[in-house]
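Participant: One structure, as structure tokens, below. Some questions next.
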Amino acid sequence: MYKYKTITANDLKTKGISMVAEEVAQYGEAVVTVRGKGKYVIIPIEKYNELREYELLAALEETRKDIAEGKFTTESVKDHIKSITHD
């Protein structure tokens, strides 16, 4: 099972970033809970950047698939603005 450390909002308030740093160093991430429910995930910036890159690669792949399947339109900027704002 996937392990991560939960940190209460109150612990975060009283113990600060040093507690976060310890937990992230041990578990790779930490979940901040508010009223007993997971609210935020704290991860190192390197992991965040890696996840963003995966997200962008997935979007690029989806775009390439749409183009290959002909799911796109070609129009002027004026027509595009008109089509997305259609008051």
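Computed from the coordinates by the stated procedures, all read-outs in this text should not be read as laboratory data. This one's a predicted model, so the numbers in the text were calculated from it and none came from an experiment. As a convention, Cβ positions derive from the backbone with ideal geometry for all residues, glycine included, and neighbour counts pool all protein chains shown.
Participant: From the gyration tensor of the Cα coordinates in the chain, what semi-axes in whole Å does the equivalent ellipsoid have, largest first, with each one equal to sqrt(5λ)?
Facilitator: Ellipsoid semi-axes (Å, largest first): 42, 18, 11.
Participant: What is the spread of the Cα atoms of the stretch 46-85 along each of their three principal axes, largest first, in whole Å?
Facilitator: Over the stretch 46-85, Cα extents along the principal axes are 41, 24, 12 Å.
Participant: Still on this structure, please answer the following. In terms of modelled amide H atoms, which long-range or inter-chain residues lie less than 5 Å from the amide H of residue 6?
Facilitator: Amide H to amide H, under 5 Å and 5 or more residues apart or across chains, residue 6 pairs with 31.
Participant: Turning to a different aspect of this structure: Identify the trypsin sites (Lys or Arg not before Pro) of the stretch 3-51 meeting these criteria: DSSP loop state and at most 16 other C-beta atoms within 10 Å of the C-beta.
Facilitator: Filter output for the stretch 3-51: 3, 35.
Participant: Please compute the net charge surrounding residue 68, taking Lys and Arg as +1 and Asp and Glu as -1 over other residues with Cβ under 12 Å from its Cβ.
Facilitator: Around residue 68, the charge tally is -1.
Participant: In the chain, which chymotrypsin sites (Phe, Trp or Tyr not before Pro) fall in coil by DSSP and have 14 or fewer other Cβ atoms within 10 Å?
Facilitator: Answer by residue number: 2, 72.
Participant: Which of the GluC sites (Glu not before Pro) found in the stretch 1-79 are in a DSSP loop and have at most 13 neighbouring Cβ atoms, other than their own, within 10 Å?
Facilitator: 69, 75
Participant: If you don't mind, another one. Would you compute, from DSSP H runs of 4+ residues alone, the mean residue ellipticity of the chain at 222 nm, taking -39500 (n - 2.57) per run and dividing by the full residue count, rounded to the nearest 500?
Facilitator: Value at 222 nm, helices only: -18500 deg cm²/dmol.
Participant: Additional query: Between residue 84 and residue 49, what FRET efficiency follows from the Cβ-Cβ distance if R0 is 30 Å, with the result rounded to 0.05?
Facilitator: So the FRET efficiency works out to roughly 0.50.
Participant: Could you list, in their original order, any pairs among 5/47; 39/82; 13/47; 15/37; 13/37 whose Cα atoms are separated by more than 27 Å?
Facilitator: Beyond 27 Å between Cα atoms: 39/82.
Participant: Among DSSP beta bridges whose residues both lie in the chain, state the antiparallel percentage, nearest 5.
Facilitator: Rounded to the nearest five, the antiparallel share is 55 percent.
Participant: Here's a follow-up. Could you please report the charge total around residue 15, scoring K, R as +1 and D, E as -1 over all other residues with beta-carbon less than 14 angstrom from its beta-carbon?
Facilitator: Residues close to residue 15 contribute a combined charge of -1.
Participant: Full extension from residue 37 to residue 8: what is 0.36 nm times the residue separation minus their Cα-Cα distance, to one decimal in nm?
Facilitator: 9.5 nm
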